[in-house]
Amino acid sequence: MKTMTNNVVADAGALNPAMQSFVDEWAELTQPQRIEVISAADDDRLIAEALESGELLTAAEGNYFARSHPKDTARSEERTVVATSRASDRGVYNNWHDADEVIAAQRDKMRGELQNKTMYVVPYLMAVPNTPLANYAAGVQLTDDRSVVLHMIRMARVGIKYFEELDDPEFFVRGVHITGDLDALGQGTGNDQRLFATIADQRLILHYGSAYGGNALLGKIAHALRQAAYDGCWTSGEFLAEQFMLMGIVDNETGKTYHIAGGFPSASGKTNLAMMEPPKALAGRYRVEFYGDDIVWLWVGEDGRLYGMNPENGIFGVAKDTNETTNPAAMDSIRDGAGAIFSNVARNDHSGELWWEGKTPQPPSEVTGWRDWTGTLISERDTAGRTAPWAHPNSRFATSLKNIPTLADQADDPAGVPIDAIIFGGRTKDREPLIRVINDVAEGVYDGLTLGAEATFAAEGLDGQLRYDPMSMRPFLSYSEGDYAAHWLDMLGQVEHPPVFAHVNWFQRDTEGGFLWPGYSENLRALVWLLAYRGGEVTGVITPVGVVPTPEELNLDGLDVSDAELRQLLNIDDQRWEQEMLQRDGHLSQFALPKAIAAVHERIKQAFTTKSQLRDSD
Ligand code: GTP
Ligand code: SPV
Ligand code: MN
């Protein structure tokens, strides 16, 4: 620990000159009382301090719990902006602003905000040390919140030692996070004072007005997704940074391991897929290994293959519905002694026990001592009729990768892992089949760009409607969609043996509104078919949007799916797709897309039109 008062860092030797001047600049503006340089070794002390101050409470043995401010419980998309000095970076979804204006606005908000407070200096690496991309992974986050520091220690590799291996230890992302007075920020009103800005061409991240999740842990979403996507295209031209999961499938029979990366919009199943346990019928032959659940960086290796790496060191998982059946590996990763930090679940004052919706089918029947996520005693609410949830729907847990029992041995291999398949999956109730394979790179990129999920939140008036979410990056895009698509084509164009692409959908509904497919561990059956297709063992059926399995080609041992259900699961409904292609006209026309992508769209549209004409002439 290096501590000092009066705006000076005690052991200046710990910081390199670039870090020192960064700290000096922002200390002068924000006027902290103390400045403290952090490494992961400070964890025990900071936990003790946070327990002492009441910021953290214990959760059974060796886990921790915090309540956030009730107005500060999730990422804010409306208040998140990307700024640069080039107007050509303006996209449809990135909320682009001019860099000078945004920096001036943030400096005004942050001026004098740290009086009587500690400024923590958190040097971190968002990468496996010594990977080819480590030079883009270094950052220093200044923050006023101890709980944010504790989360960063779980989610990133924290400490100055990680800078020693870098080619240029003065090339790092500069992040400033200031919580602000959460009681007085007008969250969600017309006078919302929060602003979360990535000034991408200056590699500067300035976040004001939250202490929760992606708003406050600058290494995760702001650096490893938004900034890294910008660096991957414009700073280096060498990589892609995507909101993807990364999993390995080990075939015990052949000894081969396959690596699958996949984009699914937020809350669409990345964590559950990457942590899955194979179903009984496949468990003898296959093993699933965890690499990452939220972010993957992709680059072309010297051997001409596509490589992937999870830059994170932990997971920030959704608590809701996490239990021994849906996700036993996640439950194991938050076992007693894991040092996990939970946010916004329910807690029992006496036992320190935690509960969230879906942990067990019913909440604890004896409510004595239980408080909901806001801190209200359960015994003092729920007086009549329907009860409010005990945990916040976006309650989460932060735990280190080392706690995940299925973590792959190769997860910290600096070389990354070769990617065999890239999959996209949204939530679509009636159009997307269980799986369709796409053999062509431009078609695969097109498929990512037209990914979507049906929104379930009525508040935005979108209930049930498809919300397009290109590559699952809609909230994290940092430059224009057209340039983004071109960069994908350029990167994949350099790969000698490109991965196969596929689109998956675990969320088709039956006429009663229930899920047609059991999902979770059973999803491995679709992925095993994909690997068999890639290996030339099955041929499937060709359609205008890719190849779907024949019913016989899917291994359904031990699964209760009727023939009719299976037909629907694998069906391409031409009329439904013709309609979808018209929707896509509108979606894609917003972007200046590469010709190759526009050509794929026209070809698929034409194929469905031709089928429709043939139907009409029957
Ligand atoms: P973020 O952390 O927000 O980026 O989300 P994520 O994509 O990692 O989503 P997560 O795995 O946490 O799943 C979100 C929700 O989808 C949870 O409520 C899961 O229970 C549910 N879910 C995941 N996989 C399946 C599935 O195969 N079938 C069904 N029906 N639901 C699923
Ligand atoms: C998401 O919202 O997609 C997340 C959670 O993964 S957060 O880190 O808060 O962005
Ligand atoms: Mn996410």
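Observations on the model:
- Computed across segment 173-228, the Kirkwood radius stands at 11.5 Å (inverse of mean 1/r, all Cα pairs).
- The Kirkwood hydrodynamic radius of the chain, based on inverse pair distances between different Cα atoms, is 25.3 Å.
- Estimated from the Cβ-Cβ distance and a Förster radius of 25 angstrom, the FRET efficiency linking Arg335 and Thr58 is about 0.95.
- Nitroxide proxy distance, nm - points 7 Å out along Cα→Cβ at Thr376 and Ser21: 5.3 nm
- Computed from the Cβ-Cβ distance with R0 of 35 Å, the FRET efficiency linking Glu302 to Glu28 stands at 0.20.
- Loop-located trypsin sites (Lys or Arg not before Pro) in segment 271-320 whose Cβ has at most 11 other Cβ within 10 Å (DSSP): none
- Shown are Lys270, Lys71, Lys429, whose ranking by accessible area with a 1.4 Å probe and every protein chain present, most to least, is Lys71, Lys429, Lys270.
- Cross-link partners of Lys595 among aspartates and glutamates (Cα-Cα below 17 Å; sequence separation of 8 or more within a chain): Asp440, Glu443, Asp447, Glu481, Asp483, Asp490, Asp585
- For segment 297-313, backbone nitrogen atoms closer than 11 Å to the point 7 Å from Val250 Cα along Cα-to-C-beta are found at no residue.
- Eligible aspartates and glutamates near Lys611 by straight Cα distance, threshold 12 Å, same-chain separation 8 or greater: Asp573, Asp574, Glu578
- Here the label points at Ser85 and Ala592, each 7 Å from Cα along the C-beta direction, are separated by 2.1 nm in the simple model.
- The gain in end-to-end length when the Arg567 to Ala41 segment is fully stretched comes to 183.8 nm, 0.36 nm per residue minus the alpha carbon separation.
- Computed from backbone phi with θ = phi - 60° and the Karplus coefficients 6.51, -1.76 and 1.60, the 3J(HN,Hα) list for segment 288-298 is 10, 10, 8, 10, x, 10, 9, 9, 9, 9, 10 Hz; x is used for glycine and proline.
- Ellipsoid semi-axes in whole angstrom, largest first, where each is sqrt(5λ) of the Cα gyration tensor of segment 461-512: 29, 19, 6
- Helix-only mean residue ellipticity at 222 nm for the chain, each DSSP H run of n ≥ 4 adding -39500 (n - 2.57), per residue, nearest 500: -7000 deg cm²/dmol
- Cα-Cα P(r), segment 382-536, percent of pairs per 10 Å interval: 8, 26, 35, 23, 6, 2, 0
- Semi-axes of the equivalent ellipsoid for segment 156-199, computed as √(5λ) from the eigenvalues of its C-alpha gyration tensor and ordered from largest down, come to 35, 12, 7 Å.
- Segment Glu49..Leu559, full-extension length gain: 178.5 nm, with 0.36 nm per residue of separation and the alpha-carbon distance subtracted.
- Filter on Lys280/Lys359; Lys109/Lys270; Lys359/Lys429; Lys320/Lys429; Lys109/Lys320 - keep pairs with C-alpha separation over 32 Å: Lys109/Lys270; Lys109/Lys320
- Spherically averaged projected area in nm², based on the convex hull that wraps the Cα atoms of segment 484-542: 6.5 nm²
- The GluC sites (Glu not before Pro) of segment 353-400 that meet both conditions, a loop assignment by DSSP and at most 10 other Cβ atoms within 10 Å of the site Cβ, are Glu366.
- Ellipsoid equivalent to segment 162-285 - semi-axes via the Cα gyration tensor, in Å: 36, 22, 12
- Stretchable slack from Lys161 to Arg603, in nm (0.36 nm times residue separation minus alpha-carbon distance): 153.8 nm
- Cα→Cβ-extended label distance, 7 Å offset, between Asp409 and Asp321, nm: 3.4 nm
The values are calculated or read from the model by the stated rules, or taken from the named source; none is laboratory data. Quick caveat: nothing in here was measured; it's all calculated off a predicted structure. Neighbour counts are summed over all protein chains in view; Cβ atoms, including those assigned to glycine, are modelled from backbone coordinates with ideal geometry. The protein model used for the area step is the full one, side chains on, heavy atoms only, and it has no ligands, DNA or RNA in it. Shrake-Rupley method; radii C 1.70, N 1.55, O 1.52, S 1.80 Å.
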